[in-house]
1. For the protein assembly as shown, count the residues as N, evaluate 2.2 N^0.38 Å, and divide the Cα radius of gyration by that value, please.
2. Among A:CYS133, A:CYS75, A:CYS23, which one moves the most in a GNM of chain A with springs linking Cα atoms closer than 10 Å?
3. Which one of A:ALA96, A:PRO126, A:ALA65 is farthest out on the positive end of the charge dipole of the range A:5-151, using unit charges on Cβ (Lys, Arg +1; Asp, Glu -1) and the Cα centre as origin?
4. Remind me, relative contact order of the range A:13-83 in percent, using alpha carbon pairs under 8 angstrom and six or more residues apart?
5. Using a label position 7 Å from Cα in the Cα→Cβ direction, what is the ascending list of nm distances from A:GLU24 to the same site in the other copies?
6. Give me the dipole magnitude in Debye, nearest 20, for the range B:5-151 about the Cα centre, with unit charges on the beta carbon: positive for Lys and Arg, negative for Asp and Glu.
7. Over 20 Å between C-alpha atoms is what I'm after, so list which of A:LYS39/B:LYS33; B:LYS39/B:LYS119; A:LYS39/A:LYS139; A:LYS33/B:LYS39 land there.
8. Express as a percent, rounded to the nearest 5, the fraction of DSSP beta bridges in the protein assembly as shown (both residues included) that run antiparallel.
There are 2 protein chains.
Amino acid sequence: MRVEYINSFISSLDHTFQTMLDCEVERGQPALKDDLSPKFDISGVIGLSGRAVGTVVLSLSMEVAVQAASHMLMCEHGEIDDDVVDAVGELTNMVAGAAKSQLDAYQLQTSLPNVITGKDHEVRFPSDVKPICVPFVTKWGPLALEVGFSPVRESALV
Amino acid sequence: MRVEYINSFISSLDHTFQTMLDCEVERGQPALKDDLSPKFDISGVIGLSGRAVGTVVLSLSMEVAVQAASHMLMCEHGEIDDDVVDAVGELTNMVAGAAKSQLDAYQLQTSLPNVITGKDHEVRFPSDVKPICVPFVTKWGPLALEVGFSPVRESALV
């Protein structure tokens, strides 16, 4: 499986966290997502379509979500409210958007960012897609980037 | 707010359940999604992009999910396993796909279907999007269709 595309999403996350949040990220080992992959309580989800279809999931521990939102909004937040949800959606949008411009051969478009909340929720992919999970650690705590990405066969593009 | 688009998703859901599952659906009253909108334990989510961006969420009670999967796969399922997840994703894909063809002025593309599991999870939308929630009842139990849909300004299309 060719997985070079994941590098665009990794560098995009790194850049987004540095520029938007003034927050360094330390990357762990990318691996195929499985039952042992980290799960967190708030996940930004955005769809990709074009010459590939896919999904970007930015899954954050509660502390990372509220600290990131507090930094973006320049206003302290202590729990998951609408502002934190919007901030997580916007971060996910930025990660997907910056990666999209690096992957221009796929002519990607992004959909709306949605944000999933709920303890122990899981974002699952179709079984024929093998998403890659990349764990990160920040000064605020852990997070994970998951990307499922399937190039579309030329014959399917009309 | 113009909400005619929701009719395409409603008729698409009705048609998909009838043809794929041999299951009549009884529609409740569409309303803007709010804290009182029904929530269920398994949700198919698919992104839309093109001359509009959006998300289709098909949120199913456990019983509807396992019965629908059992019918589609012609094999009894009693709990949420990979087959049920794939079936819910495929149903969501079909609902979005059929609506897309009715909304051809928007030149919509769909992303990958993801499926969210987890008790009391919630799929949230950006606060500037007002998703419409449509409840349904079937012989297997309740479900809800949620659609967030924002036409893209012409000036943003390059």
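1. Details: Rg = 18.6 Å, N = 316, 2.2 N^0.38 = 19.6 Å.
After normalising by residue count via 2.2 N^0.38 Å, the value is 0.95.
2. A:CYS75
3. Checking the options against the dipole of the range A:5-151, the answer is A:PRO126.
4. Values: 60 pairs, mean separation 15.5, N = 71.
That works out to 22 percent.
5. So the label point of A:GLU24 gives 6.6 nm to the other copies.
6. Values: 9 positive and 20 negative charges, 137 e Å.
Once rounded to the nearest 20, the dipole reads 660 debye.
7. Working: A:LYS39/B:LYS33 27 Å; B:LYS39/B:LYS119 9 Å; A:LYS39/A:LYS139 18 Å; A:LYS33/B:LYS39 27 Å.
Where the Cα-Cα span goes over 20 Å, the pairs concerned are A:LYS39/B:LYS33; A:LYS33/B:LYS39.
8. Values: 72 of 72 bridges.
If we restrict to bridges inside the protein assembly as shown, about 100 percent are antiparallel.
The values are calculated or read from the model by the stated rules, or taken from the named source; none is laboratory data. In this text the structure is predicted, and so the values were computed from the model without any measurement. In this analysis, Cβ positions are derived from the backbone assuming ideal geometry, glycine residues included, and neighbour counts consider all displayed protein chains. With ligands, DNA and RNA removed, areas are computed over all heavy atoms of the protein, side chains included. Shrake-Rupley method; radii C 1.70, N 1.55, O 1.52, S 1.80 Å.
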